[in-house]
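Q: The following block contains the structure, expressed as structure tokens.
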Amino acid sequence: MTAIPRNGRPTLGWWALALLFASGALLAAEVPQGEVAVRWEGDAVVVEARVVLDVHPARAWEVLSGYEKYPSFLSDLHTSKVVYRSEDLITVHQEGVLRVLVFRLPVSAVLTVHEEPPTRITARAVSGSFRSLTGRYDLMPAPGGLRFTYVGHMVPAFRVPSFIGLWAVRRAAERHFNEMIAEMVRSQLGCGGARC
């Protein structure tokens, strides 16, 4: 069976298949990759990530503040549940894994989260797998769209050799940040691709 019949005209199935491949390639090409840097600062691992996106700030904020949806698009996060919410404070319980070579270390954190809509989210772990964990996401206008940044400081409560630990955190941070970016782009495309 051929995709193009003998009369030389493509069938509806052929067009659908071509459209599927073209749209998949287009979506993959439209998702930028973030720049992620990781370094030791004393006992802490510092993560800094940034990217400029062509995404409406409301779509980016919706993704960033949708804590309970995180496991649907962040591959290393299995649970993210809001356990308390007040006007100025949110408590979120998260569980996931840190991949180190072929191993998967279970990690968890109870985070206190402070939102400053629509530009900033800061979080601090109050319990879990880290002796210390703080992070901040920022969304700011920039030439070419919206600047999305993350800065985090973490001191794990478990022992990992420094070189392997830094490599594992870099890989996890790159995966996490780029999956967040992809979800923001998907959210933008889901509202028609316009600046909605």
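The values are calculated or read from the model by the stated rules, or taken from the named source; none is laboratory data. Note that the coordinates shown come from a computational prediction; the quantities given were computed from them, not determined experimentally. Every residue, glycine among them, receives a Cβ derived from its backbone with ideal geometry; neighbour counts consider all protein chains shown.
Q: Consider the stretch 133-168. How many of its residues are touching a Phe, Trp or Tyr at 6+ places or on another chain (Cβ under 8 Å) and within 17 Å of residue 61 (Cα to Cα)?
A: Number of matching residues: 8.
Condition check ((1) over 16 Å from the mean Cα position of the chain (by Cα); (2) surrounded by 13 or more Cβ atoms within 10 Å (Cβ to Cβ)) across all residues:
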{"residue": "113", "(1), (2)": "yes, yes"}
{"residue": "123", "(1), (2)": "no, yes"}
{"residue": "128", "(1), (2)": "yes, yes"}
{"residue": "132", "(1), (2)": "yes, yes"}
{"residue": "138", "(1), (2)": "no, yes"}
{"residue": "141", "(1), (2)": "yes, no"}
{"residue": "148", "(1), (2)": "no, yes"}
{"residue": "151", "(1), (2)": "no, yes"}
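Q: Continuing with this model, one more query. Which count do you get for residues in the stretch 70-117 that are among the hydrophobic types (A, V, I, L, M, F, W, C) and either in a loop (DSSP other than H, G, I, E, B) or modelled with pLDDT under 95 (or both)?
A: Residues meeting the conditions: 11.
Q: Further question on the same structure: So how many residues does the stretch 97-111 have that are touching a helix residue (DSSP H, G or I) at 6+ places or on another chain (Cβ under 8 Å) and buried (at least 17 other Cβ atoms within 10 Å of the Cβ)?
A: Residues in the stretch 97-111 being touching a helix residue (DSSP H, G or I) at 6+ places or on another chain (Cβ under 8 Å) and buried (at least 17 other Cβ atoms within 10 Å of the Cβ): 2 in total.
Q: Identify the residue in the stretch 71-123 that is free of Cβ contacts under 8 Å to residues at least 40 places away in the same chain and of a type in the set (Lys, Arg) and, among all such residues, is nearest to residue 163 (Cα to Cα).
A: The extreme case among them is 104.
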